[in-house]
Every structure is written in structure tokens, then in C-alpha cells.
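For reference, the structure discussed in these notes is given below.
The values are calculated or read from the model by the stated rules, or taken from the named source; none is laboratory data. Worth saying up front: this structure is predicted, and the values here are computed from it rather than measured. Because the Cβ atoms are built from the backbone with ideal geometry, glycine has one as well, and the counts that use them run over all protein chains shown. Note: accessible area is taken over every heavy atom of the protein model, side chains too, but ligands, DNA and RNA are not part of it. Shrake-Rupley method; radii C 1.70, N 1.55, O 1.52, S 1.80 Å.
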Amino acid sequence: MIIRILKLLNFPPPDEADMQYNKKYLNRSVVFCAVFTLAVTALFFIFNYYMHHIYSIGFYFLFDHKKLISLTLFLYLSASALFAVFLIIEKFGFNTKLIPALGLKTKNAKAAFLNKFWFAIPFFITSCVILAIRIFLADDGKADFSYLIHEIPNNMIIAFCEEVMFRGYIQGVMTKRFGDLRGIAFTSVLFLFVHLPIRILFESNTLPRLLYLLFYTFAGGIAFGIVARRDKCVYGSVFVHFTFNICNYIMLY
């Protein structure tokens, strides 16, 4: 059954070098991934808790556009710096030679990007149709799209950083240790975990809404993971991730 699913998803065969990794070192890398995820979750929680309580209006996306972009860049630069520290410790502390390529090889980049337009175009059109229905039926034809001024650059930062960290590094380790399906699933759980702070503090006021947000975050992680695994790089999953986020903002305007 698993082999049939893998064939259906058209996962590329594992590299021969991947089969030669020492499981002991891979186990250490899995622990590093878990610890890194906990550290980033704590960082995100502290940041969002601070924003939530210092600015009593709640949602920090009500700030001016430049301030929001600066805050997002600061947050992800902090997470990226932490990410770099973990990679340095793994490489030089354990000498494992396990640092993956982070999904940034450019060999498949063009194809990975262009092949995702089949996803982006219909998704974007559907989002705009839903938005138009909401504007003219619920909002009396009034619309303000100024939020896209900061959401577009914000989500470029978010999509790239998250895909390199999770699909490039963590999923690379997890799939080598546990196989494609379980590796993608475990990575999606960790991806869900780091989104808990903002989902709980800002985006959910009822349990059903929280469960919905957690479900689509996990489902998005699965989808991005499959895209990155098939492409053997993160460029396609960055594009899909960015499109998913922006279309979500448009539909929920």
C-alpha cells in the first residue's frame, strides 16, 4: 500500500548516498530538529505575547506597513540566526556530515517554479471570486486592499524562511530517518507546532476556529512537504506556500 501511494505521489527514488547515513547520527539530527522547533516556538510565543499585551488593540497587522515588515523581518532573522547556530553545532560539534543542501540546489528550480502555476492560477481566481461575493453581498461593495501592501512582502519573507527551515532542513533529516510519508508527516507536526502561538493568541476566539486553523496549517504542511520532496528543492514549495498564504488573506478579507 505504501509503495502504491509513493508511486501515486511520484516521489523521486532516494539517493544512494542517503541510504548510507548512520542511524545514530540521524537520530541526533532528529533530536536537533525537535529542539530547534521548540526553541523557535518559544521565540515566536514570546514575540507574539509581547505584541499582544503591549499593543492592547491585539492584531499587530494593524500597524503601519513599514513597521510590520520590519517586525516580520526581525522575527525571521532571529529564527534564521538560531537555525544557523544549530547547523554549526551539528556540523562541528558532532562532525556528522549530515547538513543537507537545505533544498536550495538550483538544478530543478525553474521547473519547480513553473510547474506550480497549475496550482496558483485557479486558486487565485477562486479566491478573487469568493472575495467579490463577500464584498458585494456582505460589505456593500466597499473594499480596502491596503493590507496587501504589507502582506505580500511579509509572506515572501515568511514563505522562504519557513520552507528552507522546515522542508529544506527538517524534512530532509526526517525523510532520511523515517521514510517519505512519515518524514513529511513528522515535519508537518513540527510546522504546526511553531504556528501555535499566533493561532492561539491572535487568530482564534473559539475552539472550533482554533481546530480549523490547526487543521489547515497541518494540511498545508503536508502539501508543501509533498511539493518539496517531488521537486528535490524548495523553490516550488516556497511559491505554493506564498500563494496559499496570500489567497487565504484574500478569501478571509
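The residues on offer are 11, 45, and the sole one that is modelled with pLDDT of 55 or more and assigned to a helix (DSSP H, G or I) is 45.
For beta carbons closer than 7 Å, sequence separation of 6+ or different chains, a first residue in the stretch 162-183 that is in contact (Cβ under 8 Å) with a residue 12 or more places away in the chain and a second that is hydroxyl-bearing (Ser, Thr, Tyr) and open to solvent by 10 Å² or more (accessible area, probe 1.4 Å), the qualifying pairs are 176/21; 183/175. Within the stretch 90-114, the residues that satisfy the criterion of being outside any helix (DSSP H, G or I), at pLDDT 65 or above and either open to solvent by 90 Å² or more (accessible area, probe 1.4 Å) or not small (Gly, Ala, Ser) (or both) are 102, 104, 105, 106, 107, 108.
Given the structure, is residue 179 touching a helix residue (DSSP H, G or I) at 6+ places or on another chain (Cβ under 9 Å) and within 19 Å of residue 158 (Cα to Cα)? Considered against the rule, which asks whether it is touching a helix residue (DSSP H, G or I) at 6+ places or on another chain (Cβ under 9 Å) and within 19 Å of residue 158 (Cα to Cα), residue 179 comes out as no. Close contacts from the stretch 195-206, counting a first residue that is within 19 Å of residue 158 (Cα to Cα) and a second that is aromatic (Phe, Trp, Tyr) and open to solvent by 50 Å² or more (accessible area, probe 1.4 Å), with Cβ to Cβ under 7 Å and a gap of 6+ residues or different chains, come to 197/45; 201/49; 202/59. Residue 150 passes all but one of (1) open to solvent by less than 10 Å² (accessible area, probe 1.4 Å); (2) under 15 Å from the mean Cα position of the chain (by Cα); which number fails? Exception for residue 150: condition (2).
Results for (1) of a type in the set (Gly, Ala, Ser); (2) on the phi < 0 side of the Ramachandran plot; (3) outside any helix (DSSP H, G or I), shown as yes or no for each residue.
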residue	(1), (2), (3)
166	no, yes, no
170	no, yes, no
177	no, yes, no
183	yes, yes, no
187	no, yes, no
193	no, yes, no
204	yes, yes, yes
209	no, yes, no
